[in-house]
Amino acid sequence: MIDSKKIIAIIDAAAKKIESEKDFLTQLDNEIGDGDHGINLARGFKSVEEKLATFADKDIGAILKSVGTALVSTVGGASGPLYGTAFMKAGNVCKGKFTLTDEEFAEAFNAAVEGVKMRGKSAEGEKTMLDALCPAYRAFKGGVDGGKTLIPALEDSVNAAMQGVEYTKTIIATKGRAAYLQERSLGHQDPGATSSLYILQAALDVLKKG
Amino acid sequence: MKKLINAVEKVEDEMILGLVKSAPKKLRKLDCGKVVVRADKKGNDKVALVSGGGSGHEPAHGGFVGKGMLDCAVAGAVFTSPTPDKIFEGIKAVATSQGVLCIVKNYTGDVMNFEMAVDMAADEDIKVDSVIVNDDVAVKDSLYTTGRRGVAGTILVHKISGAKAEEGASLDEVKRVAEKVIANVRSMGMAISPCTVPAAGKPGFTLADDEVEIGIGIHGEPGTTRAKIISADETAKILLDKILADIDFKGSEVVVLINGMGATPLMELYIINNFVQDYLVANGVKIYDTMVGNFMTSIEMAGFSITLLRLDDELKKLYDAPADTPALVK
């Protein structure tokens with residue numbers, strides 16, 4: 001079970017994590033992209049943080065939708081529409097809810113991942129954020145379906161995302177700006193998969209604190 | 001980082017303000033952000049052209065707003081696509097009953113942000129369509145990848161579809177012409193030194209004194225191959241051979257665009273052009289016209305790109321039509 005207060009705390013933690021890892025994300029993006037992933041995401045999450053105070057009495061659907069809209073209108077690049085769509089789609093399935101069961105959380109997680117696939121016309125294995133998000137969702141869903149509670153299921157999810165980030169080093173990019181490097185993208189860790197991992201880690205950290 | 005700026009976070013805004021102040025009779029900035037529109041916007045008698053993308057490509061795209069080219073250009077942060085809400089503001093500001101055509105360079109971010117903006121405009125019953133420019137032959141084109149990038153050839157799409165729109169043609173007709181240009185334009189670029197995104201503070205890649213990057217895009221990203229520096233003629237030949245292998249330009253009339261990446265002196269661009277002209281003629285390509293200068297830059301990157309556009313009678317006439325923008329007058 002997760003309530004709207006926790007959701008707000010997770011978003012706050014994600015914003016702080018992105019801000020603190022901004023330079024590392026930018027460095028990763030410099031190697032295979034155009035070096036702005038950390039800068040752009042940090043700008044977007046900063047604008048989300050400024051809105052946090054207005055979220056207090058809103059339902060989870062409205063909160064996630066506001067996060068998505070703020071990201072879409074401040075991040076730019078590809079990560080703005082992708083993360084923005086993810087939060088908006090997750091918000092859609094949480095409309096009017098102030099608490100989420102673990103199954104409902106999985107449903108929102110799935111909607112977010114499907115949103116990224118739709119907006120990016122992409123799938124797993126293309127060296128993108130989906131290489132962290134897809135295995136992370138599968139691990140979470142598998143855990144919940146197998147009777148695990150929220151925190152252990154999310155731990156599995158974060159571990160799967162970590163492996164996904166490692167996996168991006170072994171594949172050639174076929175989507176996003178790293179695709180222009182063709183074989184030269186090999187050996188590099190995908191910045192989008194990495195930022196996705198950070199957001200999941202932030203969620204786990206908050207829930208573990210209780 | 002050594003740059004003539006005031007503050008990193010003000011770079012884009014001050015650039016747009018300065019651009020508009022450089023041509024107050026031609027350009028006007030919208031209050032909502034880095035959106036530049038024609039100061040002489042006409043009534044409901046023509047299709048409006050909207051383009052844009054990250055900043056750092058000056059004079060693109062704001063410098064090409066004006067009679068015979070764009071009606072609106074939307075700029076994002078340096079090398080970062082503008083957001084859908086800003087693009088939507090631009091579309092609304094210039095929309096006419098004839099409709100709006102968005103000209104988008106093929107980058108994942110630009111395509112997604114314009115797509116969302118087009119959806120928002122369509123929801124408000126604005127007649128809107130878009131084309132995607134992908135002229136860069138350095139990148140393999142494939143259905144399963146992001147595909148080729150949009151680079152300097154975009155300027156010729158602005159010029160020619162802008163002329164068609166100015167004639168009062170329908171949205172479908174303007175789109176058809178834009179797509180004809182896209183089908184017939186090819187580019188490739190290289191760099192001898194990288195550029196630094198102001199907010200990043202460090203260059204996108206580093207090159208030894210004797211190294212160059214071949215097949216670069218326009219966002220300071222590394223190219224498809226790194227090589228030892230060779231002469232201007234040999235370098236130009238590498239780019240041209242790749243372009244000529246993609247489309248058979250033999251026997252066709254072409255526009256040649258030698259584009260500086262930002263920090264390349266005109267002296268070097270003319271040296272490149274000297275070879276390009278002779279090489280094309282020797283390969284049976286007829287040169288209709290040539291443009292040499294900084295049209296689609298990558299901040300202070302040193303390097304250049306070559307663009308060839310194959311013309312037919314229709315494109316020739318539209319290419320020759322008048323244009324009056326800060327960066328291109330015809």
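For every residue, the table says whether it meets (1) among the acidic types (Asp, Glu); (2) closer than 20 Å to A:Leu100 by Cβ; (3) open to solvent by 40 Å² or more (accessible area, probe 1.4 Å).
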site	(1), (2), (3)
A:Ala136	no, yes, no
A:Glu155	yes, yes, yes
A:Ala179	no, no, no
A:Glu183	yes, no, yes
A:Leu186	no, no, yes
A:Asp190	yes, no, no
A:Ala202	no, yes, no
- Task: Would you check which residues across the range A:31-79 are in contact with a His (Cβ under 7 Å, 6 or more places away or on another chain) and at pLDDT below 90 and list them?
- Result: A:Glu31, A:Ile32, A:Asp34
- Kindly indicate the residue of the range B:302-313 that is of a type in the set (D, E, K, R) and closer than 23 Å to B:Gly150 by Cα and also surrounded by the most Cβ atoms within 10 Å (Cβ to Cβ) among those meeting that condition. B:Arg310
- Message: I need the full set of residues from the range B:293-321 which are among the hydrophobic types (A, V, I, L, M, F, W, C) and either touching a His at 6+ places or on another chain (Cβ under 6 Å) or not in a helix (DSSP H, G or I) (or both), in order please.
- Response: B:Phe295, B:Met296, B:Ile299, B:Met301, B:Ala302, B:Phe304, B:Ile306, B:Leu308, B:Leu309, B:Leu311, B:Ala321
- Selection from the range A:33-80 of residues that are part of a helix (DSSP H, G or I), within 8 Å of chain B (Cβ to nearest Cβ), closer than 25 Å to A:Glu126 by Cα and in contact (Cβ under 8 Å) with a residue 24 or more places away in the chain: A:Asn40, A:Ser79, A:Gly80
- State whether one or more residues within the range A:160-172 are touching a helix residue (DSSP H, G or I) at 6+ places or on another chain (Cβ under 9 Å), in contact (Cβ under 8 Å) with a residue 60 or more places away in the chain and more than 14 Å from chain B (Cβ to nearest Cβ). no
- Message: Pairs please, first residue from the range A:93-122 and within 14 Å of chain B (Cβ to nearest Cβ) and within 21 Å of A:Gly176 (Cα to Cα), second anywhere and of a type in the set (Gly, Ala, Ser) and crowded, with 17+ Cβ neighbours inside 10 Å, Cβ atoms under 7 Å, 6+ apart in sequence or on different chains.
- Response: A:Gly115/A:Ala86; A:Val116/A:Ala86
- Tell me, which strands (runs of 3 or more DSSP E) lie completely within the range B:35-99 with 1 or more residues that are within 11 Å of chain A (Cβ to nearest Cβ), under 24 Å from A:Val72 (Cα atoms) and in contact with a strand residue (DSSP E or B) (Cβ under 7 Å, 6 or more places away or on another chain)? B:48-55, B:72-78
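Residues are listed down the side, and each one gets a yes or a no for (1) surrounded by 15 or more Cβ atoms within 10 Å (Cβ to Cβ); (2) not charged (D, E, K, R):
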site	(1), (2)
B:Asp31	no, no
B:Val36	yes, yes
B:Lys46	yes, no
B:Glu58	yes, no
- Query: Just a yes or no: is a residue in the range B:114-135 assigned to a helix (DSSP H, G or I), away from chain A (no Cβ under 14 Å) and open to solvent by 10 Å² or more (accessible area, probe 1.4 Å)?
  - Reply: yes
- So which of B:Glu89, B:Glu14 is touching a Cys at 6+ places or on another chain (Cβ under 6 Å) and open to solvent by 30 Å² or more (accessible area, probe 1.4 Å)? B:Glu89
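The values are calculated or read from the model by the stated rules, or taken from the named source; none is laboratory data. Predicted model only: the values in this text are computed from it and were never measured. Ideal geometry is used to build each Cβ from the backbone, glycine not excepted, and the neighbour counts take in all protein chains shown. We work out accessible area using only protein heavy atoms, side chains counted, and drop any ligands, DNA or RNA first. Shrake-Rupley method; radii C 1.70, N 1.55, O 1.52, S 1.80 Å.
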